[in-house]
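First the structure, in the form of structure tokens, and then the observations on it.
The values are calculated or read from the model by the stated rules, or taken from the named source; none is laboratory data. Source: prediction; values computed, not measured. Using ideal geometry, Cβ is built from the backbone for each residue, glycine included, and neighbour counts are taken over all protein chains shown. Each accessible area value is taken on the protein alone, full model and side chains, heavy atoms only, with ligands, DNA and RNA left out. Shrake-Rupley method; radii C 1.70, N 1.55, O 1.52, S 1.80 Å.
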Amino acid sequence: MLKTGSAAPEFELFSNPDQKLKLSELKGKRVILAFYPADWSPVCSDQMALYNETLKFFLRHDAQLLGISVDSKWCHMAFSENHNLHFPLLADFEPKGMVAKLYEAYDMKEGECLRVLYVLDEKGMIHWGYNSPVGINPGADGILKALEGLDKSLNIKDELSFDPTR
Amino acid sequence: MSSHLTPPVSSRDHVQGNKKAPLTLVEFGDYQCIYCGHAYPIIKQVQQKMGNRLKFVFRNFPLSEAHPDAYNAAVAAEAAALQNKFWEMHDTLYEHQEQLDWEHLFLYAKTSGLDLERFKADIEEESVSARVEADFESGVRSGVNGTPSFFINEEKYDGDWGGHDLFDALNRSEK
């Protein structure tokens, strides 16, 4: 796991068959990175289906969710369509698991991503991370608490740099 | 991750059984989820076996993207609650999981003995959908990661619940 307070490494991955997404394109927004072992595996389906329903809670905190696994962009497309997902799935496919390795979220033995979550702040710094046992769906409460923590620290900063013209 | 029921059980909850029971079982459920359907008779059995020792609470956790009728079914049960028929509707829905479109929901409202005019008005009420959403949010906050999710005495129960497992887990918690 990368340390909180460190800069989130840049990456560029396919988010659908003909488009790539760069992490830096999302600067100014909060980002939730959800590394997961595999499309179609039962626990992952539950986890991604759950996050699909909790997107509105993430949105309240201006956070964009990105799912990441080593599956190919075509596999992601089928999985996403089948589950009616409303957030991008990134293909860490070639070189396999390169981004997961950068984020210390790769299982060398299985050749899959670990079930790791990160919440990045609007400046692209790692605010929170969690490594869930592979067989356990971590739910969304940890992510929400981390996002609320970011809201709180933002409010404190707002008070410190109070602008009377606002 | 988190394992504590947030917010805790209160008078706003749908409670079945002895309100002063030493054991509380909370289920977060989705009326269209087949696993919840499997859990339904198991919970009935557990309630029967434990009698006064158990209080059962149901909260809504409809996964609307995965189950297109789940949200409406939850709304129908909450509308029934306004006529004090929550549990009748809850049971009917789990006994007819494969038919949860509006036409059938109205039919179940009728067979549950509801005033249909009032039911029709209540399903449009914002307070009813707000109730379903508040339950869902409480689930997300409590670490619910799928359905059914159970809490025993307000702590998340991650063990197996099939066969006698839920009954055994409750018995263990009582001691």
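Structure notes:
- The single condition among (1) modelled with pLDDT of 95 or more; (2) open to solvent by 20 Å² or more (accessible area, probe 1.4 Å); (3) in a helix (DSSP H, G or I) that residue B:173 does not meet is (1).
- Top-ranked residue in the stretch A:129-157 [being of a type in the set (S, T, N, Q) and free of Cβ contacts under 8 Å to residues at least 24 places away in the same chain; ranked as nearest to residue A:32 (Cα to Cα)]: A:132
- Helices (runs of 4 or more DSSP H) fully within the stretch B:76-149 that include at least 1 residues being in contact with a strand residue (DSSP E or B) (Cβ under 7 Å, 6 or more places away or on another chain) and within 14 Å of another protein chain (Cβ to nearest Cβ): B:126-141.
- Condition met for residue A:82 (open to solvent by 10 Å² or more (accessible area, probe 1.4 Å), of a type in the set (S, T, N, Q) and part of a strand (DSSP E or B)): no
- Selection count, the stretch A:12-35, where residues are surrounded by 14 or more Cβ atoms within 10 Å (Cβ to Cβ) and free of Cβ contacts under 8 Å to residues at least 24 places away in the same chain: 1
- Number of positions in the stretch B:23-34 that are modelled with pLDDT of 95 or more and more than 13 Å from the chain's Cα centre (by Cα): 2
- Checked against (1) surrounded by fewer than 20 Cβ atoms within 10 Å (Cβ to Cβ); (2) within 13 Å of the chain's Cα centre (by Cα); (3) among the charged types (D, E, K, R), residue A:60 passes all but condition (2).
- First in the stretch B:103-126 and without any contact (Cβ under 8 Å) to a residue 12 or more places away in the chain, second anywhere and open to solvent by less than 40 Å² (accessible area, probe 1.4 Å), Cβ under 8 Å, 6 or more apart: B:116/B:109
- Test: residue in the stretch B:158-170 that is at pLDDT below 95 and among the charged types (D, E, K, R): yes
- Scanning the stretch A:120-137 for residues that are in a strand (DSSP E or B), open to solvent by less than 20 Å² (accessible area, probe 1.4 Å) and more than 17 Å from residue A:102 (Cβ to Cβ) turns up just one, A:132.
- Candidates A:112, A:94: the one that is on the phi < 0 side of the Ramachandran plot and surrounded by fewer than 19 Cβ atoms within 10 Å (Cβ to Cβ) is A:94.
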